[in-house]
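To start, the structure under review is shown below, and the notes come after it.
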Amino acid sequence: NIFLQKGVGRIIRSRLKRWGIDLNDQRKNQRLAASLDVATIDLSSASDTICSVLVRELLPLDWWLLLDDLRSKNTKMPDGHWVRLNKFSSMGNGYTFELETTIFYAICLAVCELDEWSTDQVSTFGDDMIVPVGSAPAVIEALESLGFTVNRDKSFWNGPFRESCGKHYFLGVEVTPFYLRDKSDTVEATIRNHNRIYRWVIRILGYKPDWLVRLLAPYRKAIAGLLSQKLKGKPYAIPQIPDNLEDDRGLLTPRENLCVPYDHNHGFECTVWIPRAKY
């Protein structure tokens, strides 16, 4: 069933692209959030509060019949009895993200068109919504009237702060912090953590300080230890890539610190780390 659900989700994704909504790319939301002319709205438990009646009322009949046929309508409890679900998408539904994006985009568009706000600044990515700042109260009222709960701690339409799709802005300047979600106990995690700090320092300062490489020297020492352990003492080179790349296959390194160019196009020959799946 998940195979069919994912297939329907891909069709919805392709249809949304016609309206400028690309669910494979968060950059539109991130770019729009840099302006104080927009409001960024987030919901609590968005997919869990999409009720079946709402989907039936909003969707064309053929789409409703298809999606309803593919969803899980009942849940078996630990004691063995079955409970009928009123929420449309249970956990693991393969088209939930696409469906909720479509519903929230339609709601935001409808409110803005009704109140004659420009729709150029309307965008949704899941339950991450962006609308013109003046339309925010009406959009929130519409969402709440349809059974959704606006997360007011993560929604912003007053003041200097905005946040959408992981990007944070203060007075239009990006202030997104870096997150160290993983211990630096594997090669992959150590590279990611090193690069997150590297990029954050440059973004916050607006330039690349001379002391940045020295600051992150412990990560290079840790990488050396991990590689020696992983490769059982075999010869190796530290994986490192030019620091203008959005990549985490090597430690970000100033171009001048890399090996000499190997062609006339200013290319560099680099050692990268590519994990290989075990079967």
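The values are calculated or read from the model by the stated rules, or taken from the named source; none is laboratory data. Here the structure is a predicted model, which is why all the values come from computation and not from measurement. Cβ placement follows ideal geometry from the backbone for every residue including glycine, while neighbour counts extend to all protein chains displayed. In case anyone asks, the SASA skips ligands and DNA or RNA and just uses the protein heavy atoms, side chains included. Shrake-Rupley method; radii C 1.70, N 1.55, O 1.52, S 1.80 Å.
Do you know which residues across the stretch 252-278 are open to solvent by 100 Å² or more (accessible area, probe 1.4 Å) and modelled with pLDDT under 85? If the condition is that a residue be open to solvent by 100 Å² or more (accessible area, probe 1.4 Å) and modelled with pLDDT under 85, then 256, 260, 262, 264, 265, 266, 269, 276, 278 are the ones that fit.
Here residue 171 qualifies as closer than 30 Å to residue 29 by Cα, exposed (fewer than 15 other Cβ atoms within 10 Å of the Cβ) and in contact (Cβ under 8 Å) with a residue 24 or more places away in the chain. Among the residues of the stretch 183-201, just one is of a type in the set (Asp, Glu) and open to solvent by 80 Å² or more (accessible area, probe 1.4 Å), namely 185. Checking each residue of the stretch 6-13 against the condition of being hydrophobic (A, V, I, L, M, F, W, C) and within 20 Å of residue 119 (Cα to Cα) gives no match. A single entry from 84, 71 fulfils the requirement of being charged (D, E, K, R) and open to solvent by less than 30 Å² (accessible area, probe 1.4 Å): 71. Scanning the stretch 202-220 for residues that are surrounded by fewer than 17 Cβ atoms within 10 Å (Cβ to Cβ) and of a type in the set (A, V, I, L, M, F, W, C) gives 202, 204, 205, 211, 215, 217. Screening residue 19 on (1) without any contact (Cβ under 8 Å) to a residue 12 or more places away in the chain; (2) assigned to a loop (DSSP other than H, G, I, E, B); (3) among the aromatic types (Phe, Trp, Tyr) shows it passes everything except condition (1). Just one of (1) open to solvent by less than 70 Å² (accessible area, probe 1.4 Å); (2) on the phi < 0 side of the Ramachandran plot; (3) not in a helix (DSSP H, G or I) fails for residue 29. It is (3). The set of residues in the stretch 131-160 being within 25 Å of residue 87 (Cβ to Cβ), outside any strand (DSSP E or B) and open to solvent by 50 Å² or more (accessible area, probe 1.4 Å) consists of 141, 144, 145, 146, 152, 153, 154. Only one entry in 156, 178, 148 is touching a Lys or Arg at 6+ places or on another chain (Cβ under 8 Å), under 29 Å from residue 18 (Cα atoms) and aromatic (Phe, Trp, Tyr), namely 156.
For the stretch 42-58, the set of residues classified as among the acidic types (Asp, Glu) and either surrounded by 15 or more Cβ atoms within 10 Å (Cβ to Cβ) or under 11 Å from residue 89 (Cβ atoms) (or both) consists of 42, 48, listed by residue number. Applying the criterion of being within 16 Å of residue 122 (Cβ to Cβ) and of a type in the set (Lys, Arg) to the residues of the stretch 1-26, the residue that is least open to solvent (accessible area, probe 1.4 Å) is 17. For the stretch 41-70, taking the residues that are touching a residue at least 40 places away in the same chain (Cβ under 8 Å) and not in a helix (DSSP H, G or I), the one that is nearest to the chain's Cα centre (by Cα) is identified as 42.
Does residue 163 fit the bill of being in a strand (DSSP E or B), open to solvent by 10 Å² or more (accessible area, probe 1.4 Å) and either within 24 Å of residue 45 (Cβ to Cβ) or touching a helix residue (DSSP H, G or I) at 6+ places or on another chain (Cβ under 9 Å) (or both)? Yes: the conditions hold for residue 163. Of 220, 214, 196, 249, all but one fail to be modelled with pLDDT of 85 or more, out of contact with any Leu (no Cβ under 8 Å at 6 or more places or on another chain) and outside any loop (DSSP other than H, G, I, E, B); the exception is 214.
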